[in-house]
Structure formats: C-alpha cells, structure tokens
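J.: Just dropping this structure here.
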Amino acid sequence: MTKKEKRKALHEYDAAGTMMEAGQAKKFTRSFQAYNEAHAKEILYALLGSGHRVKRRHIVIERLSGGEGS
C-alpha cells in the first residue's frame, strides 16, 4: 500500500469520554470512521457539537482507539 493509499483509507474508531451538557457531566461512547487520529478527533467534536450543541472545551475525550493498527 502506498503512502497516498494509506492516507485515503478510512479506519474504524471508538471513542469514550464525558461532556458537559446543561450543567451536568454526561458520559458518551461513539463509533465512527476517520482517516487518522487527528481526523477522528475533529469528527468526534463535530458529531457532539452538532448533535448536542456542546462546545469543544466542554468535551473530554478519555479514550480514542482504533485506526490502522486495529
């Protein structure tokens, strides 16, 4: 697999953490696809922000697993 093909391959990621919603800490888990770990974080922030109207500073990612090695 070439470097360009690696970059374009989507990988499955699982994330868990907490977010502050309506003044209360709530736990979350999500599964999604991303190109790499940095892209996975951006997707997670976008999913939680758009779905729950939570700002990035109120999201704490405790676990992000998956990617090319899994």
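J.: Run the simple label-point estimate for Arg57 and Lys27 please: 7 Å along Cα→C-beta, distance reported in nm.
T.: Result for the modelled spin labels: 2.7 nm.
J.: Could you tell me how many degrees, from 0 to 90 and to the nearest 10, lie between the Cα long axis of helix 37-52 and the main elongation axis, the longest principal axis, of the Cα atoms of the chain?
T.: Once rounded, one gets 30 degrees.
J.: Here is a further query. Where the Cα atoms of the chain are projected onto their three principal axes, how long is each span, largest first, in whole Å?
T.: 47, 19, 15
J.: Which percent of the accessible heavy-atom area of the chain goes to carbon and sulfur, probe 1.4 angstrom?
T.: Numbers: 2460 of 5040 Å².
Of all accessible area on the chain, carbon and sulfur atoms account for 49 percent.
J.: Oh, and also: What is the chain's relative contact order, in percent, from Cα pairs under 8 angstrom and six or more apart in sequence? Each step should come with its number before you reach the end.
T.: On the way: 100 pairs, mean separation 28.6, N = 70.
Contact order relative to length: 41 percent.
The values are calculated or read from the model by the stated rules, or taken from the named source; none is laboratory data. The model shown is predicted, which means the values in this text are computed figures rather than measured ones. Counting neighbours? That spans all protein chains shown, and the Cβs are built from the backbone with ideal geometry, glycine included. Just so you know, the surface numbers come from the protein's heavy atoms only, side chains and all, with ligands and any DNA or RNA stripped out. Shrake-Rupley method; radii C 1.70, N 1.55, O 1.52, S 1.80 Å.
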